[in-house]
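Peer 1: Attaching a single structure in structure tokens format; questions to follow.
The values are calculated or read from the model by the stated rules, or taken from the named source; none is laboratory data. Just so you know, these numbers come straight off a predicted model, no measurement behind them. A quick note on method: Cβ atoms are made from the backbone with ideal geometry, for glycine too, and the neighbour counts reach across all protein chains shown. SASA here: full protein model, heavy atoms, side chains in, ligands and nucleic acids out. Shrake-Rupley method; radii C 1.70, N 1.55, O 1.52, S 1.80 Å.
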Amino acid sequence: MELSAEVAELRLQAESLLLQSIRVELLDGRFVVGRLECFDSSCNIVLSAAEEYAPIENLSPHTPTLYDTRRIGLIMIPGPKVRRVFHKTTTRSKLDQTLLSCII
């Protein structure tokens, strides 16, 4: 199967982030930070040295969100649970577009 030039470019960009630190925002409000080990065509993401950040409920909407943190280590995140993906050094990357569109 031949990939279009745009899909091939997105795939190369995603592959260039392998072993880089990324942040994965989940649909339930949690996010996980870790090193991208692999991803697949089903949008599943595997991170190593991962830490999970879960929001703690605030009593006042005017206070900043606090997070409960736990070390996980190695984690596989199912693609359907992912809202967005960020590279450590940017606010949003094309990795987000690549993984969430499942066009790998």
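Peer 1: Taking H as built 1.01 Å from N, whose amide H comes closer than 5 Å to the amide H of ILE72, not counting residues under 5 places away?
Peer 2: Placed amide hydrogens put ALA50, GLU51, GLU52 under 5 Å from ILE72.
Peer 1: Carbon and sulfur together cover what percent of the accessible area of the stretch 5-102 at a 1.4 Å probe radius?
Peer 2: Here carbon and sulfur together make up 53 percent of the probe-accessible area.
Peer 1: Keeping every protein chain present and rolling a 1.4 Å probe, give me the accessible area per residue for the stretch 5-102 in Å².
Peer 2: The answer is 62 Å² per residue.
Peer 1: What ³J(HN,Hα) values, in whole Hz, does the Karplus curve 6.51 cos²θ - 1.76 cosθ + 1.60 give for the stretch 9-17 when θ = phi - 60°, with x put for Gly and Pro?
Peer 2: Working through the residues one at a time gives 5, 4, 5, 4, 5, 5, 5, 5, 8 Hz.
Peer 1: Evaluate E = 1/(1 + (r/R0)^6) for GLU9 and SER48, where r is the Cβ-Cβ distance and R0 equals 22 Å; express this FRET efficiency to the nearest 0.05.
Peer 2: 0.25
Peer 1: Could you give the length gained by full extension between LYS88 and SER16, i.e. 0.36 nm per residue of separation minus their alpha carbon distance, to one decimal place?
Peer 2: 24.6 nm
Peer 1: As a test of understanding, state the convex hull volume per residue of the stretch 5-102 from its alpha carbons, in Å³.
Peer 2: Normalising the Cα hull of the stretch 5-102 by residue number yields 98 Å³.
Peer 1: Averaging sequence separations of C-alpha pairs under 8 Å and six or more residues apart, then dividing by the length of the stretch 5-102, give the relative contact order as a whole percent.
Peer 2: Across the stretch 5-102, relative contact order equals 30 percent.
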